[in-house]
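The values are calculated or read from the model by the stated rules, or taken from the named source; none is laboratory data. Because the structure is a prediction, the values reported are computed rather than measured. Heads up, the Cβs are rebuilt from the backbone with ideal geometry, glycines too, and the neighbour counts pull from every protein chain shown.
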There are 2 protein chains.
Amino acid sequence: MLRSLTRFFILTLLLVGHVVVASETTVERWGIFEASWQGPTNGNPFTDVTLTATFSQNNTTHEVTGFYDGEGVFRLRFMPELTGDWHYVTHSNRPELDGQSGSFVVGPPSAGNHGPVHVHAMFHFAYADGTPYFELGTTCYSWTHRSDAQEEETLHTLAGAPFNKIRMCVFPQDHPEKNQRFFPFEGKPPRDWDTTRFNPAFFRHLEKRVGQLRDLGIQADLILFHPYGKKWGFSSMDAASDDRYVRYLVARLAAYRNVWWSLANEYDFIREKHESDWDRLFQVVQHSDPYGHLRSIHNGTLIYNNTLPWVTHASIQNGAAVLDPERAMIYRDVYRKPVVFDEVKYEGDIVKRWGQLSGEDLVLRFWNGLIAGCYVGHSEIFRATPDPWLAGGGKLRGQSVLRLAFLRKIMEEGPADGINPIDKWQDERTAGVPGEYYLIYFGRKTPKSWPFRLYKEGLKDGFSFQVEVIDTWNMTITPVDGVFTTKKRDAYYFEDAEKKAVTLPGRPYMAIRIKRVGK
Amino acid sequence: MLRSLTRFFILTLLLVGHVVVASETTVERWGIFEASWQGPTNGNPFTDVTLTATFSQNNTTHEVTGFYDGEGVFRLRFMPELTGDWHYVTHSNRPELDGQSGSFVVGPPSAGNHGPVHVHAMFHFAYADGTPYFELGTTCYSWTHRSDAQEEETLHTLAGAPFNKIRMCVFPQDHPEKNQRFFPFEGKPPRDWDTTRFNPAFFRHLEKRVGQLRDLGIQADLILFHPYGKKWGFSSMDAASDDRYVRYLVARLAAYRNVWWSLANEYDFIREKHESDWDRLFQVVQHSDPYGHLRSIHNGTLIYNNTLPWVTHASIQNGAAVLDPERAMIYRDVYRKPVVFDEVKYEGDIVKRWGQLSGEDLVLRFWNGLIAGCYVGHSEIFRATPDPWLAGGGKLRGQSVLRLAFLRKIMEEGPADGINPIDKWQDERTAGVPGEYYLIYFGRKTPKSWPFRLYKEGLKDGFSFQVEVIDTWNMTITPVDGVFTTKKRDAYYFEDAEKKAVTLPGRPYMAIRIKRVGK
């Protein structure tokens, strides 16, 4: 009963139950190997039955936890990180599920499959195969809690958008309550739930959407808890229910290579939980996930201690922090981890202060974040849209998206290991790789000229550079004629040997890109 | 052999060796009780002889470590935190020092003695008796490594200056090497030291100066290690020597109520040590100091993890962080501890970028830090002074000092628990206590008017406020006629019921102080 789920997805985009055992099953690297067996249906199979398996290849082993998928079916999923022959054997407190074993072959990844995303070079990200991952996220809290038509429309929009990550809630929000198709537990809405019994249909639907995101090259930053569903009560369960839910979710979804775990949105606004609960839940995720997918927690006004070892990167809400790169880079310095400003206010036109950025305002924040060596998140909320992108997905209306596609291109053309602030605490507008690559962003300033001047780190006399002027809003890249050649100016800076300057158009939102071309 | 060291200091400003036993000795609360005995002089008394004592009053006990003070004298110091009768008994591996006991009476503190400074209200400080302590520090790294005349001049300057904390190095710097009077260890300069044998004269001199600071109401932020004395080698000792030195220093100085422990200046520039060394040294201090004096570490470019439990407050070098309050408050949010920007560049005129602030530049940084709910440190370095204040103390020449005295007055007239940002991440210029007290700082902006408008937190319609206009540079406080009365404006703000505005002079460095006066 084994099959490559990845290939299966490509065929049907639907997850189904039983698959047939085949001793020579081939799974792609970072794809999903899945096995299932019929087991007991009496009692509560979610809580009474244990099922784990040891997957091994030579000295590499992973302990993987299975899950009950309803109708007597017990299922195990595994994401192989190595090609070659793998073997597994199951362990269960029920004889029919214990000691089941098998082998399968893992082949190379298919085109576009670079594996899961991990932290790279302290402040950045990369796929497991080494391909750079330049985070450019959006947020649609409840896009998987809508009609099929709207969910398909969201996927269609994402297919044409620049985003490579989406933040999305597992649990439904309070609104719109009438259309809520699936609930995570058995029971009756709004709050009569048996939290010991999961609703497999809810999770199959989520998995289907996560798989579709994967096939679009988009990371699913799954928000495990949020404070926006008080009607349903999923943010105020007891600790045992929280832990059981988290373990079940991880057992089902960890094999999807594009999953990230976001413990909560605005965690501090979930008044029923204390910080020790989040510490514990982080560790439940950490110890349940065999693959170490990225883990973070998103704040309201109180910042979680992101230095703790179970946090892989900081997920920050602070719109003011990306109003200038010096602010943003403080978080980086303090955490020594990647910093993603997942919420910096949204493009929109509502009366709330958090939803009235212009397109220019939001794109400015992305560029400031980039210059700080961090990453920034998008969303939008317009009054003309009763179910805005932020809540329900659908169509994008804002002015920022095109410019963010342009920004993504700039990032992808840049250094593979990302860029970092240069001359930190002295120069708030320059990032890059010393001696090799510089990106200078002027924000709302409107200079007419920039004297070619670079901080000394990585430079010597006689290095030559090509310069381009970038209009980040109008999305143009204009090469500057000739090359600039470094000459030491003083104890701190190099300048052009002929003291040349770069002419700028006197408009806001301009940047300069400088690439080493000689010596 | 007991006496109140505090009174002794008042008499002579010098610490001497043996004192006579007196069974009815009286010590003031947070003063120093001292006892000494003759002990062995053979072998190495610094390392061969152990001496501790248990001090007790009812259920309160403290384990205190003594130290060898040379010439056969073993000494114990204790800072009593409670008034009333105390008893002590010694423990030693030498019979003549073991089981020595005695009693003494602790009376009320003398005028100006408020006890040691501790963290208060998460982000602020207070003395042990509850008196607010509004940190306003300066730095003279090596003022205790100069001639007696210059050191006395420094004390004279400090007596007339606004500073209530001074950062100072225990170990000497490389320069000026010729005048170095005392070294901490037996041996020969520059590097032939026996780190198992301390030089009591070195420490007695340091103690004398720390005691004089105490009598001036100034906290001594003792810098235990620094990277500026490579010639002497005290930053590259082995771990056993480091630990022994730290324990000896703490044994001698912890009883001084005005001591703070700064593990290092620019810790990351001491290349011989790793972060694990600092973790360990922090814990050596923490476990050696019976009183829990404040503990911090000052960074170069790499920020130490100030969330760790042995760090009582963040001691930050980052001049750019106090160029606007939003930057500064990020550290506060992240650490949930007091943040002291101990180095924000210095007032001066040298070619180095860190020593060329104008007086206005430095005072601006202090005010920005204040609005962020943090604290800022001063120093100065002028070319006309061969031994500048930053290195050797002496006289102050800068323009900032007077304005910092004015700032200290503003702080002391403000709320006892300190002020905090109001409407964080939305309003970068307002701090205070919601509904009660507001301080609005305009920095380099030059508004001619400020429409009376306050964030809703703590406000209702009909509250009345008195308003003053403060010129932080020219040091004037100008009351605005009449009162301002709150009326709800919109979902976020209150304004004056008659929509009154406050007239401003269109100069930089202005502030507005708003105090609740009615309803």
Of all residues in the range B:283-313, which are assigned to a helix (DSSP H, G or I) and either out of contact with any strand residue (DSSP E or B) (no Cβ under 6 Å at 6 or more places or on another chain) or within 8 Å of chain A (Cβ to nearest Cβ) (or both)?
B:GLN283, B:VAL284, B:GLN286, B:HIS287, B:SER288
Please verify whether the range A:23-33 includes one or more residues that are more than 21 Å from A:PHE203 (Cβ to Cβ), at pLDDT below 95 and among the small types (Gly, Ala, Ser).
yes
Is it true that some residue in the range B:241-255 is surrounded by 19 or more Cβ atoms within 10 Å (Cβ to Cβ), more than 14 Å from chain A (Cβ to nearest Cβ) and in a loop (DSSP other than H, G, I, E, B)?
yes
Do we have A:ILE316 as farther than 30 Å from A:ILE440 by Cα, buried (at least 22 other Cβ atoms within 10 Å of the Cβ) and within 14 Å of chain B (Cβ to nearest Cβ) here?
no
Just to be sure I understand the filter: pairs with C-beta atoms under 9 Å, separated by 6 or more residues or on different chains, first member in the range A:171-183 and on the phi < 0 side of the Ramachandran plot and in a loop (DSSP other than H, G, I, E, B), second member of a type in the set (Gly, Ala, Ser) and surrounded by fewer than 19 Cβ atoms within 10 Å (Cβ to Cβ). Which pairs pass?
A:ASN179/A:SER147; A:ARG181/A:SER147; A:ARG181/A:ALA201; A:PHE182/A:ALA201
Take the residues in the range A:329-354 that are buried (at least 23 other Cβ atoms within 10 Å of the Cβ) and of a type in the set (Asp, Glu), then tell me which one is farthest from the other protein chains (Cβ to nearest Cβ).
A:GLU347
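Would you mind stating whether A:SER92 is at pLDDT 95 or above, of a type in the set (Ser, Thr, Tyr), farther than 30 Å from A:THR131 by Cα and surrounded by 14 or more Cβ atoms within 10 Å (Cβ to Cβ)? Spell out how you get there, then give the answer.
Details: at pLDDT 95 or above: yes; of a type in the set (Ser, Thr, Tyr): yes; farther than 30 Å from A:THR131 by Cα: yes; surrounded by 14 or more Cβ atoms within 10 Å (Cβ to Cβ): yes.
When the stated conditions are applied, A:SER92 passes them.
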Out of the residues in the range B:423-442 meeting the condition of being touching a helix residue (DSSP H, G or I) at 6+ places or on another chain (Cβ under 9 Å) and within 14 Å of chain A (Cβ to nearest Cβ), tell me which one is farthest from B:TYR375 (Cα to Cα).
B:GLN426
Can you tell me which residues in the range A:370-387 are surrounded by fewer than 24 Cβ atoms within 10 Å (Cβ to Cβ) and either hydroxyl-bearing (Ser, Thr, Tyr) or within 22 Å of A:VAL340 (Cβ to Cβ) (or both)?
A:ILE381, A:THR385
With the first residue restricted to the range A:251-267 and required to be closer than 15 Å to A:LEU281 by Cα, and the second required to be acidic (Asp, Glu), Cβ contacts under 6 Å at 6 or more apart or on different chains are A:TRP260/A:ASP221; A:SER262/A:ASP221
If we keep only residues of the range B:454-498 that are within 14 Å of chain A (Cβ to nearest Cβ) and assigned to a strand (DSSP E or B), then the residue surrounded by the fewest Cβ atoms within 10 Å (Cβ to Cβ) is B:TYR493
Scan the range B:406-422 and give yes if some residue there is more than 29 Å from the chain's Cα centre (by Cα), within 14 Å of another protein chain (Cβ to nearest Cβ) and either under 23 Å from A:LEU302 (Cα atoms) or at pLDDT 95 or above (or both), otherwise no.
no
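Scanning for something outside any loop (DSSP other than H, G, I, E, B) and among the small types (Gly, Ala, Ser), does the range B:413-430 turn up at least one residue?
Filtering the range B:413-430 down to residues outside any loop (DSSP other than H, G, I, E, B) leaves B:413, B:420-421, B:430.
Narrowing the set further to residues that are among the small types (Gly, Ala, Ser) leaves none.
No; the residues of the range B:413-430 include none that is outside any loop (DSSP other than H, G, I, E, B) and among the small types (Gly, Ala, Ser).
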Give the residues of the range A:406-452 that are among the basic types (Lys, Arg), outside the structural domain of A:VAL340 (by TED's automatic domain parsing) and surrounded by fewer than 18 Cβ atoms within 10 Å (Cβ to Cβ), sorted by residue number.
A:ARG444, A:LYS445, A:LYS448
